[in-house]
Amino acid sequence: MNEISTKGKLVLGLQHVLAMFGATVLVPFLTGLNPSIALLTAGVGTLIFHFCTKKIVPVFLGSSFAFIGAISLVLKEEGIGAVKGGVISAGLVYVFMSFLVRVYGIEKIKSFFPPIVVGPIIVVIGLRLSPTAISMAGYSNGSFDLKSLLVSGTVVISMILISSFGKSFFKLIPILISVTIGYILASLMGMVDFTPIKEASWIGFSSDAITSLTTMPELSLTGILAIAPIAFVVFIEHIGDITTNGAVVGKDFFKNPGISRTLLGDGLATISAGLLGGPANTTYGENTGVLAVTKVYDPSILRIAACYAIVLSFIGKFGVILQTIPVPVMGGISVILFGMIASVGMRTLIESQLDFSLSRNLIIASLILVFGIGIDNVIIWKTVSLSGLAIAAFVGIALNKIFPEND
C-alpha cells in the first residue's frame, strides 16, 4: 500500500465522518438525547477503542441503534441521569464479556447466543420501533398529516433511489443526502424554525448539551434493567463487525489484538459515553464499507475522523441545526432503518440455514417474537420494570440451553 500524505489522510478522515454521521446523529434524535454530545462521545469512544486495541484495528465507533427503544423509554420516565446509569451498566457488560472471553474463549460464550436466539431478537428490536417510525412519518389516530407525509415520503424515495442507483461514495451516504433533501423541502414548506440557529453561538454547547454533561449518573434499577441486557445481544453484532472488518483489511483481529481487547475497547467507550450523556457505542459497518471502497486501511485515518467528530460537537450552530431537523424528515429515515434492523434479523436466520421443521427452533423463535413484541414493560418491583425485549432475550437464551439440539 502506497504511503498516504497528511493532506490525503485529512480528506479520507472527513470521508469517514460523512459515512458515520447520519446514523450517529439519528440515534440521539430518535431517543431525545443531544446530537452534539453523541458526536463528542463517538469521537472520544473511537480514540479509546484504538488505544485498547494497540491502534491496529481500523474501526469507528458510533451510536448504537439497538438501544434506541430502551433509552427513549428510560429518558422519558426517569430522565438523563437514569439513562447515564443504564448506558454505563451496558458498558460494564461489555467489559465483563471481555473478561469471560479471555478466560473461557469466544466459542463458549457464543454458545449462549446462537442464530436461533440472536435472529429473532434483532427482528423484535426492529418491529418494536416500527410504530415510532410511522408516527414520526405523520401517522396519528388513524390518519396521516399530508405535509408530514409529503416530507417523509420524499425522504424515503430519495433514500431508495440513492441506495439503488447512487455511484461510488454517494452510495455510502444515502442517509445524509436524504436528510438534506428532506430538510430543504421542509424548510420551503415552513416546517423549520431558524430562530434557534440565529441565537446559537458559534462555539460551545447548547443548554441541553450542558445539562446532559453535568447531570450525575443515577443507579436506577429500571434504567439498568432496561438498557444493560441489550449489550448481551449487541455482543454478537460486535463479533460480526470485527470479523467483517478483518476480512476487508485482510487481517485476523481475533488473534491480534484479540476479541477480548476489542470488546474491552467497546465497553470502555460505552462507559465514557454514559458518563457524558451520549448513547451506547458500537462498531460501525458504514466505515468498514468506506475501507472496502477506498482500499486504504490505515487506522490513523479513523483517529483523524474521531477528532473531526469531536471538533464538530463543539460548533454550537451546527448542533442546533441538527436539533431543528423536522420530525417527519427523521421519520422517513426511520421507516427504512427500523425495517432494515428487522430484516437483518431475518437475514441472520436465513444465512445460518436453520431447520424450522424442528419443533425446538420453532418454539424458541415464536416465544421470542411473541414476548418481545407483545409485552411492553413489566413492573417487577415499585418503579423497577423489565422490557419485553429483555424478557424475550432471557427466555430465548434459557430455552436454547434447555431444549436438546434435536427433537
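General remarks:
- Among the candidates 19, 90, residue that is within 22 Å of residue 239 (Cβ to Cβ), of a type outside the set (Ser, Thr, Tyr) and at pLDDT below 85: 19
- Residue 72, sole failed condition from (1) in contact with a Gly (Cβ under 7 Å, 6 or more places away or on another chain); (2) closer than 27 Å to residue 133 by Cβ; (3) crowded, with 24+ Cβ neighbours inside 10 Å: (3)
- For region 175-188, the candidate set comprises residues that are β-branched (Val, Ile, Thr) and free of Cβ contacts under 8 Å to residues at least 24 places away in the same chain; within that set, the residue that is surrounded by the fewest Cβ atoms within 10 Å (Cβ to Cβ) is 184.
- Counting the residues of region 374-405 that are closer than 18 Å to residue 227 by Cβ and at pLDDT 80 or above gives 6.
- Residue check for residue 300: at pLDDT 85 or above and surrounded by fewer than 19 Cβ atoms within 10 Å (Cβ to Cβ): yes
- For region 189-207, the tally of residues that are of a type outside the set (Phe, Trp, Tyr), under 24 Å from residue 148 (Cβ atoms) and in contact (Cβ under 8 Å) with a residue 40 or more places away in the chain stands at 6.
- Those helices (runs of 4 or more DSSP H) lying entirely in region 272-350 with at least 2 residues hydroxyl-bearing (Ser, Thr, Tyr): 285-294, 299-313
- Within region 228-265, the residues that satisfy the criterion of being part of a helix (DSSP H, G or I), of a type outside the set (A, V, I, L, M) and farther than 14 Å from residue 53 by Cβ are 232, 235, 237, 240, 243, 244.
- Hits in region 50-92 (condition: at positive phi and charged (D, E, K, R)): 54, 55
- Residue within region 112-125 that is out of contact with any Phe, Trp or Tyr (no Cβ under 9 Å at 6 or more places or on another chain) and without any contact (Cβ under 8 Å) to a residue 60 or more places away in the chain present: no
- The residue that is surrounded by the fewest Cβ atoms within 10 Å (Cβ to Cβ), counting only those in region 193-211 that are touching a Lys or Arg at 6+ places or on another chain (Cβ under 9 Å) and of a type in the set (Gly, Ala, Ser), is 201.
- In region 292-308, the count of residues that are in contact with a Leu (Cβ under 7 Å, 6 or more places away or on another chain), among the hydroxyl-bearing types (Ser, Thr, Tyr) and more than 22 Å from residue 240 (Cα to Cα) is one or more.
- Only one of the listed residues (103, 83, 95, 117) is under 28 Å from residue 176 (Cβ atoms) and at pLDDT 85 or above. That residue is 83.
- Positions within region 249-274 being on the phi < 0 side of the Ramachandran plot and surrounded by fewer than 17 Cβ atoms within 10 Å (Cβ to Cβ), in sequence order: 251, 252, 254, 255, 256
- Candidates 148, 163 - the one that is within 28 Å of residue 178 (Cβ to Cβ), polar (S, T, N, Q) and touching a Lys or Arg at 6+ places or on another chain (Cβ under 8 Å): 163
- Taking (1) over 22 Å from residue 24 (Cβ atoms); (2) in contact with a helix residue (DSSP H, G or I) (Cβ under 7 Å, 6 or more places away or on another chain); (3) of a type outside the set (Ser, Thr, Tyr); (4) at pLDDT below 85 in turn, residue 250 satisfies each apart from (2).
The values are calculated or read from the model by the stated rules, or taken from the named source; none is laboratory data. Quick caveat: nothing in here was measured; it's all calculated off a predicted structure. Because the Cβ atoms are built from the backbone with ideal geometry, glycine has one as well, and the counts that use them run over all protein chains shown.
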